[in-house]
Amino acid sequence: MLLTNDDGIHSAGIQALWQQFASVAEVTVVAPDSEKSATSQAITVHQPIYVDEQVIEQAGVRGWRVVGTPTDCVKIALETNIMEPPDLIVSGINHGPNIGTDVLYSGTVSAAIEGALHGIPAIAVSLDARENFDFTAAAQFAVRLARQFIQNPLPPRTLLNVNVPALPPDQIAGVSITKLGCREYRNAFHPHQDPRGRIYYWMSGEIVDCDNEPDTDVEAVKAGRISVTPIHFDLTKYNLMDALTSWKL
């Protein structure tokens, strides 16, 4: 199996994954050399992509460090001779949630999308925490879900997006199968001035509560439940195709 992420190969989240999976599978880790959050489906096209073997002190785990994006990592793993084609790709565990419309920006989810584009079952896993990260519950659930996923394959070009509440395993209220919710932000850009007088902006922002339905990933995680959302990337709005044919184009 292949593990990757967008927080970098040295992150605690991906280490928690390879420690859990090492006892049940042969694991290859191909991950960015540093944090590449919010890179979406970006690929590197105007500079070389350097790849170095990474020593991982865990039996049965091989590692490769990539100077590139999460999508680069998956493409390198699948399209070069680094490894045999894996039976599963798991991306994560992300330091923070990837729920609702945030999946459009997420490097974690995009790495899983790249795997699904190649026809390989893929899972993105994130922890809904901003500090005091404990990846135990998320890593344990990822192994359970992976076993089910291999035995029950989904339709082509489909992946699972998983978000785990920041709770001890015995306090998680269960698992919900969900749809994507809505995430909006207020005051996303903060202006500053550098020593030469030039204005620059720092992106941050506060999360604004949306009117999310109960069966969304946002509401499931808020209720202390693990959210599992099946995602595909055919963005076509089929019910508008007939309407568009009436336009005078």
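The values are calculated or read from the model by the stated rules, or taken from the named source; none is laboratory data. In this text the structure is predicted, and so the values were computed from the model without any measurement. Note that we place each Cβ from the backbone using ideal geometry, even for glycine, and neighbour counts take in every protein chain shown. Please note that ligands, DNA and RNA were not included when accessible areas were found on the heavy atoms of the full protein model with its side chains. Shrake-Rupley method; radii C 1.70, N 1.55, O 1.52, S 1.80 Å.
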*Determine, yes or no, whether Asn132 is in contact (Cβ under 8 Å) with a residue 24 or more places away in the chain and more than 18 Å from Ile99 (Cα to Cα).*
yes
*Residue that is most open to solvent (accessible area, probe 1.4 Å) [pool: residues in segment 231-249 that are part of a loop (DSSP other than H, G, I, E, B) and not basic (Lys, Arg)]*: Leu249
_Looking at segment 24-40 only, could you name the residues that are within 21 Å of Ser110 (Cβ to Cβ), open to solvent by less than 40 Å² (accessible area, probe 1.4 Å) and either of a type in the set (Gly, Ala, Ser) or touching a Ser or Thr at 6+ places or on another chain (Cβ under 9 Å) (or both)?_
Val29, Val30, Ala31, Pro32, Thr39, Ser40
*Does Phe141 qualify as being over 17 Å from Asn5 (Cβ atoms), among the aromatic types (Phe, Trp, Tyr) and within 18 Å of the chain's Cα centre (by Cα)?*
no
*State whether one or more residues within segment 112-122 are farther than 26 Å from Thr69 by Cβ, open to solvent by less than 20 Å² (accessible area, probe 1.4 Å), modelled with pLDDT of 95 or more and out of contact with any Phe, Trp or Tyr (no Cβ under 7 Å at 6 or more places or on another chain).*
no
*Would a scan of segment 41-48 turn up a residue that is crowded, with 16+ Cβ neighbours inside 10 Å and under 26 Å from Gly181 (Cβ atoms)?*
yes
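Specify the residue that is farthest from the chain's Cα centre (by Cα); the eligible residues are those in segment 178-203 that are closer than 21 Å to Lys222 by Cβ and of a type outside the set (D, E, K, R).
Per the criteria, the residue is Tyr185.
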*asked:* Residue pairs, Cβ under 9 Å, 6 or more apart or interchain, first in segment 101-127 and closer than 14 Å to Ile43 by Cα, second crowded, with 23+ Cβ neighbours inside 10 Å and among the basic types (Lys, Arg). List them.
replied: Gly107/Lys36
*Which strands (runs of 3 or more DSSP E) does segment 132-230 wholly contain that include 1 or more residues that are touching a Pro at 6+ places or on another chain (Cβ under 9 Å), open to solvent by 100 Å² or more (accessible area, probe 1.4 Å) and within 30 Å of Ala25 (Cβ to Cβ)?*
175-177
